[in-house]
C-alpha cells in the first residue's frame, strides 16, 4: 500500500503564517527601539540628562562623599600686626628675704705701739699684750670669717720700726679677737709696733 503525503490544511497554513509574522514583528520592533545614536533621543531629554550629569559630577568632586584633594602649599607669612595697648600695671609683689652680706662690707683696723698701747683704734677695739712680741687685738664684732693683715710699723712720724715681720691668726679665746706676733730679722719674738687691718 503506498503512503501519500497529506496536504496541510488551510488552518495549519494560517497558523504558521501568523507565527512567522509575529517573530518578524518582534525583531523589527527591537531594531526600531534600540538606541544606538544620540540622534534617536529628543534634544529636550538630552539637555536634561546633561544637567543631571553635571550635578552628579560636582557632587563627586566637592560633596561630602567625594575623596579629599591634596593639601596645597603653605601661604606666605602675613605682616606683623600693630602693637597692642600697654596693659594695666600689676600689683607690687611681696618683698623677698634679705640677702647675705656681701664681701668687704666692713673693715676694722688698729695701730699698736711696741709696748702694747693702742694708738689708733676703730669701733672701740682693745689690745692686750700677752708676752714678748705677742698681742691680742679685740674688736666689737665676730671676726672669725674675716681676713687679717699685719705690717710692722710705728704709729708716729718721727722714726721707723726696725726690720722684722708679723704673723696673724684668729684668737682662739675670743671670736672677736686677732692674735698677732712680731719678730726681728733673726725670727725671734720681739716687741714691735704694727698696723692691723681686718676685712669682713
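The numbers here are math on the coordinates, done by the rules we state, and not lab data. Computed from a predicted model, the values in this text were never measured in an experiment. Please note: Cβ atoms are built from the backbone with ideal geometry, for glycine as well, and neighbour counts cover all protein chains shown.
Table for the structure above
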read-out	value
Pair residue 145, residue 159: separation of 7 Å Cα→Cβ label points (nm)	4.3
Protection proxy ranking of 153-163, 115-125, 169-179 - average other beta-carbon atoms within 10 Å, highest first	169-179, 115-125, 153-163
Rh by Kirkwood over Cα pairs, then Stokes-Einstein D for segment 151-191 at 1.002 mPa s and 20 °C, µm²/s	186
For q = 0.18, 0.21 Å⁻¹, Debye-computed log10 I/I(0) when each Cα of segment 107-199 counts as one equal scatterer	-0.70, -0.95
Mean Cα-pair separation over length for segment 107-199, i.e. relative contact order, pairs under 8 Å, 6 or more apart, %	36
